[in-house]
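Only one structure is covered here, and it is reproduced in the block below.
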There are 2 protein chains.
Amino acid sequence: MRDLLNSYRGAEAFVTGGLGFIGSNLARRLADLGACVTVLDSMQPEYGGNRFNLDGYEERLQVRFGDLRDEPALARLVQGQRYVFHLAGQVSHLDSMRDPFADLESNCRGQLCLLEACRRHNPRARIVNTSTRQVYGRPTRLPVDEGHPLAPVDVNGIHKLAGEAYHTLYHRVHGLRTTSLRLTNTYGPRMRVRDARQMFLGFWFRRLVEELPLEVYGDGAQKRDFNYVDDVVDALLFAAASSNAEGEIYNLGGTEAVSLLDLAQQMIELNGGGSFQQVPFPPERKGIDIGDYYASSSRFRSASGWQPAVGLRDGLSRTLEYYRTHRAHYW
Amino acid sequence: MRDLLNSYRGAEAFVTGGLGFIGSNLARRLADLGACVTVLDSMQPEYGGNRFNLDGYEERLQVRFGDLRDEPALARLVQGQRYVFHLAGQVSHLDSMRDPFADLESNCRGQLCLLEACRRHNPRARIVNTSTRQVYGRPTRLPVDEGHPLAPVDVNGIHKLAGEAYHTLYHRVHGLRTTSLRLTNTYGPRMRVRDARQMFLGFWFRRLVEELPLEVYGDGAQKRDFNYVDDVVDALLFAAASSNAEGEIYNLGGTEAVSLLDLAQQMIELNGGGSFQQVPFPPERKGIDIGDYYASSSRFRSASGWQPAVGLRDGLSRTLEYYRTHRAHYW
């Protein structure tokens, strides 16, 4: 692993969505590994970009504010990059149903812009794309492996599936060196916690710190798996450094599957207090809910050597601690 | 079948892409069945719209020139329609690779515009969407049924897959009454024959009539199935009239699978003369070729009672005759 991470020392790396949750954690890590990091972020309200996410790193990396759809700017930015990590995008399933056109622009047009820029201006860049478990829709078998049918149940899932397919296509037809990772629930410091539009879990951290009850939809029996953000950052770094991962799509998956009720109880316990209440599923969420989901990531583990290292309790504790300290920057 | 087709008498029907190949054949048929037909066409160069396609029907239906993305116009057009047939769209696989953004606008944004207009202004309309076999990519088994993995190999296939998924989603979440049909090669009068950018077969008709050799790529051993356009029009009418088809996606498929070499030989024989030459696959076509393909349409036959009625030889003869007579309007 040390050898693998050494490959980032002095390397040019470009992170789209680099002021967002996962993007900023990745950018910080890359800077720590000695990479020359450029981040791009459109800072669209409600997408998760937050200047505080790069607090303390302002002098150690280049920050550009702009949109993937600005073709000339993107052409300049991708040139000379050894690594391109694509984290930008609209990620709220709920918002994608309310405004499918905004999701289309962000997750389809934005993806195509990035791939076209690389094809024209930097066809040898190693590209890692972040996709989502949402491409599977409601699981028909568990754990979900990459052979599971693809049947997204919301607009965001449809567009992320198209985004993956672009990456595979540009690899096959144009020779771009792309890998897509299908993320499950990712949590940790720098996630958006203002409300529940992106993920209920972010809002739960806020509610706990504010000493307000967590809302559990329905009976809370739905099982999910979770990855701590440092593990996801590792996965991105491992993927980009694995030449046998080029042209591939892999699941990430957590170390364990827990019910949402269990999760709420664990969080309250770790917090040393708090409460939850069960509320009926809001209709707009029920319509796009996927039921139980947890993934098998064994294909990616075999291909890259990646292992999630942070257990759920440890990750939840670290995240709670982060928001207790930095709430002023996230509410 | 007569009962079924009676349901169109006096019914309001809206056909997008109604000056194109399949759209115009459908619009004419609907007018013959006594429907009140409105067609919309953007007449984008190279998309297949041709005013001559509605020759003789100008007084029997309403023609509107415009774009699906013109929201206020579309809102007015969908109101009061009992049937909405969606035939508009960029259909060239090759062009989708050259300009993925144009394909995105046409096949993703256009689809979303139509569904949003129906959701807001006519949620009870019966909607039939035309998709493509291209959503499957290279078949891993034959004949291809609807359970075959979805792995499109070009940008058009990716966007048509997203388009289908929107229809299924809007059915499930918003209650729209949608059906998608995955078309295979459709041929017949009013198809675009100017060049081979949409389908090689159109161009073959032109070459035969012009007494020029047909070009067969590679060894011509690839097998394909074909539907005569009247059978596809029937399928659209049957789909819209079948309430058990709501929310579903079905394959259409031909009556037989023939190799492209066989097809060229049959066409030359039916034409009473002509020749073909085998040429290497152009690289830009090789990259997105799907090899052998033929579909099982048994699910749709069971659900709707549809049967293709026009055999390949008969259909090819009728089509040749059409272009011998009307070449002035299509070259």
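Considering each of A:153, A:135 in turn, give the residue that is facing chain B (nearest Cβ under 8 Å), under 24 Å from residue B:116 (Cα atoms) and not polar (S, T, N, Q). I'd like the intermediate steps shown before the answer.
Values: A:135 fails: facing chain B (nearest Cβ under 8 Å).
From the options A:153, A:135, the qualifying one is A:153.
Restricting to region B:175-198, and then to whatever is in contact (Cβ under 8 Å) with a residue 60 or more places away in the chain and of a type in the set (A, V, I, L, M, F, W, C), can you tell me which residue is nearest to the other protein chains (Cβ to nearest Cβ)? Let's see the steps before the verdict.
At the first step, the residues of region B:175-198 found to be in contact (Cβ under 8 Å) with a residue 60 or more places away in the chain are B:176-194, B:197-198.
Add one more test, that the residue is of a type in the set (A, V, I, L, M, F, W, C), and what stays is B:176, B:181, B:183, B:191, B:193.
Working: B:176: 13, B:181: 18, B:183: 20, B:191: 27, B:193: 27 Å.
Among those residues, the one meeting the criterion is B:176.
Exactly one of (1) part of a helix (DSSP H, G or I); (2) of a type outside the set (Gly, Ala, Ser); (3) surrounded by 24 or more Cβ atoms within 10 Å (Cβ to Cβ) is unmet by residue B:130. Its number?
Result: residue B:130 passes all but (1).
With A:57, A:47 as the choices, which residue is surrounded by 15 or more Cβ atoms within 10 Å (Cβ to Cβ), over 17 Å from the mean Cα position of the chain (by Cα) and aromatic (Phe, Trp, Tyr)?
Details: A:47 fails: over 17 Å from the mean Cα position of the chain (by Cα).
Of the residues listed, the single one that is surrounded by 15 or more Cβ atoms within 10 Å (Cβ to Cβ), over 17 Å from the mean Cα position of the chain (by Cα) and aromatic (Phe, Trp, Tyr) is A:57.
Mind checking whether some residue in region B:90-108 is in contact with a Cys (Cβ under 8 Å, 6 or more places away or on another chain), within 12 Å of chain A (Cβ to nearest Cβ), surrounded by 19 or more Cβ atoms within 10 Å (Cβ to Cβ) and of a type in the set (A, V, I, L, M)?
In the first step, residues of region B:90-108 are kept if they are in contact with a Cys (Cβ under 8 Å, 6 or more places away or on another chain); the result is B:104, B:108.
Those left that are additionally within 12 Å of chain A (Cβ to nearest Cβ): B:104, B:108.
When the remaining residues are screened for being surrounded by 19 or more Cβ atoms within 10 Å (Cβ to Cβ), the result is B:104, B:108.
Filter once more, keeping what is of a type in the set (A, V, I, L, M): B:104.
Within region B:90-108, one or more residues are in contact with a Cys (Cβ under 8 Å, 6 or more places away or on another chain), within 12 Å of chain A (Cβ to nearest Cβ), surrounded by 19 or more Cβ atoms within 10 Å (Cβ to Cβ) and of a type in the set (A, V, I, L, M).
Can you list the strands (runs of 3 or more DSSP E) found entirely within region B:245-304 that contain at least 2 residues being touching a residue at least 12 places away in the same chain (Cβ under 8 Å) and farther than 25 Å from residue B:152 by Cα?
Numbers: elements: B:248-251, B:257-259, B:276-279.
Passing ranges, in order: B:276-279.
Only one of these is in contact with a Lys or Arg (Cβ under 6 Å, 6 or more places away or on another chain), polar (S, T, N, Q) and modelled with pLDDT of 95 or more: B:178, B:132. Name it. Don't jump to the end; show me each part of the working.
Numbers: B:178 fails: in contact with a Lys or Arg (Cβ under 6 Å, 6 or more places away or on another chain).
The match here is B:132.
Applying the selection to region A:100-115, what residues are free of Cβ contacts under 8 Å to residues at least 40 places away in the same chain and among the charged types (D, E, K, R)?
Hit for region A:100-115 is A:105, nothing else.
Go through (1) among the polar types (S, T, N, Q); (2) over 19 Å from the mean Cα position of the chain (by Cα); (3) under 20 Å from residue B:26 (Cα atoms) for residue B:307 and report which single condition fails.
Of everything listed in (1) among the polar types (S, T, N, Q); (2) over 19 Å from the mean Cα position of the chain (by Cα); (3) under 20 Å from residue B:26 (Cα atoms), residue B:307 misses just condition (2).
Only one residue in A:124, A:141, A:172 is free of Cβ contacts under 8 Å to residues at least 40 places away in the same chain, more than 21 Å from the chain's Cα centre (by Cα) and either part of a loop (DSSP other than H, G, I, E, B) or within 13 Å of chain B (Cβ to nearest Cβ) (or both), so which one is that? Please lay out each step first, then the result.
Details: A:124 fails: free of Cβ contacts under 8 Å to residues at least 40 places away in the same chain; A:172 fails: free of Cβ contacts under 8 Å to residues at least 40 places away in the same chain.
The match here is A:141.
The values are calculated or read from the model by the stated rules, or taken from the named source; none is laboratory data. Treat the numbers as computed from the prediction; the structure is a model and nothing was measured. Every residue, glycine as well, gets a Cβ built from its backbone with ideal geometry; the counts of neighbours run over all protein chains shown.
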